1. Mind listing the phi-derived Karplus ³J(HN,Hα) values for the range 100-113, rounded to whole Hz, using 6.51, -1.76 and 1.60 with θ = phi - 60°, and x for any glycine or proline?
2. Highest mean first, what order results for 207-217, 15-25 on Cβ atoms within 10 Å?
3. Cross-link candidates for LYS313: which lysines have Cα within less than 30 Å, leaving aside residues fewer than 8 places away along the same chain?
4. Taking the number of other C-beta atoms within 10 Å as the exposure measure, put SER92, SER170 in order starting with the fewest.
5. Please list, or write none, the aspartates and glutamates whose alpha carbon is within less than 20 Å of the alpha carbon of LYS229, excluding same-chain residues fewer than 8 places away.
6. On a straight-distance basis, which lysines could pair with LYS143 in a cross-link, Cα separation under 28 angstrom, same-chain partners fewer than 8 positions away excluded?
7. With a Förster radius of 25 Å, plug the Cβ-Cβ distance of ALA301 and ALA357 into 1/(1 + (r/R0)^6) and report the FRET value to the nearest 0.05.
Amino acid sequence: MVFDFLKGEFIDVISWLDDTRDTMVWRFERRGNAIKYGAKLTVREGQAAVFVHEGQLADVFGPGLYMLETNNMPILTTLQHWDHGFQSPFQSEIYFVNTTRFNDQKWGTKNPIMCRDPEFGPVRLRAFGNYSMRVADPGKFLKEIVGTDGEFTSDEVSNQIRNVIVQEASQVLAKSGIPVLDMAGNTADLGRIIVQAIAPKVAEYGLGIPEFYIENISLPEEVEKVLDKRTSMGVAGDLGKYMQFNAAEALGNPATGAGGMMGAGMAAGIGAGMAQNIGPWGAAPAAAAAAPPPPPPPAAAKAWHLAENGATKGPFTEADLAAQAASGALTRASMVWAAGQDGWKPAGETELARLFAMVPPPPPPGV
């Protein structure tokens, strides 16, 4: 009877039902850690069971139902107490490890990242986002991170992972060479580069990063305000008219003007004056509209040609021909032509006739 009572004290079924969302490792508690040979071990999907025997990691079980016997635990057969009849209980610690994803883990830069932008020069950037992590190697995770902690949560490791992410993200963003204004269109590529950079370090903890997202890359607040002003100038178009419109709008609002009735009166007077000067929206001021147009450019001088003895001479300007008329080389009967004229004509029958008005005719014979 005493033997049956002691035999019933040992564990027959070992399992873990997790009702939390942040527990990564849970140690199966039992006084004395006494486990009956042949007990049933239930490991559910999304779990792994790690056996630690006398301080040594003995074996790792994936999802399934196991009978704790030597043929199921080849590693334990080399440890102490497994070669003494196989009917007596053994003492081991059993840790259940949650291998599902732990989503919505936050990361972000505490201090700005100094970068050299090809357009703006040196700039300070901030970045933040989220990621998911999971236990990829339960045995390594237990040895490197958990130790002997009876209940280990995601918060206990998220800070360390966040530091690794921020360090690599800072280097990737600083060396990317992507202009600040184009980074929003490259967050997916930058995220993949960051994951590749942190994967070896995270693997040393027995963890993996199945998902990683960059939600935002931003400039300091004061720089963003200047950038917004620059954008507003581009949207406004004509800066002078935009400023006049804003001034008239501000003066027309008593809450933002001089205050009370005085502000309203000033707004009405100044607004009327601006309306006279500006005219319809987009029209030129009245003074500018009344300005006379500039004079047209002078007409090009006409070029003349002379026909003498079957040969053509020229071109000559009207001033050249006036000198020839004064010397007698050009007479009323001289044949001339200019562009637009219908064939050759005597000079006296063209507009050159005025050149002979001041030239005296030849003297009469015998005088």
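Computed from the coordinates by the stated procedures, all read-outs in this text should not be read as laboratory data. Everything numeric in this text was worked out from a predicted model, so none of it was measured. Don't worry about glycine lacking a Cβ; one is built from the backbone with ideal geometry, like all the others, and counts go over all protein chains shown.
1. 7, 6, 9, 8, 6, 7, 8, 9, x, 7, 6, 10, x, 9
2. Working: 207-217: 17.5, 15-25: 15.0.
Listed from highest to lowest mean packing, they are 207-217, 15-25.
3. LYS302, LYS345
4. Working: SER92 22, SER170 19.
Lowest to highest Cβ neighbour count: SER170, SER92.
5. Correct list for LYS229: ASP117, GLU119, ASP182, GLU221, ASP238, GLU249.
6. By straight Cα distance, LYS143 reaches LYS36, LYS40, LYS106, LYS201.
7. After rounding to 0.05, the efficiency reads 0.80.
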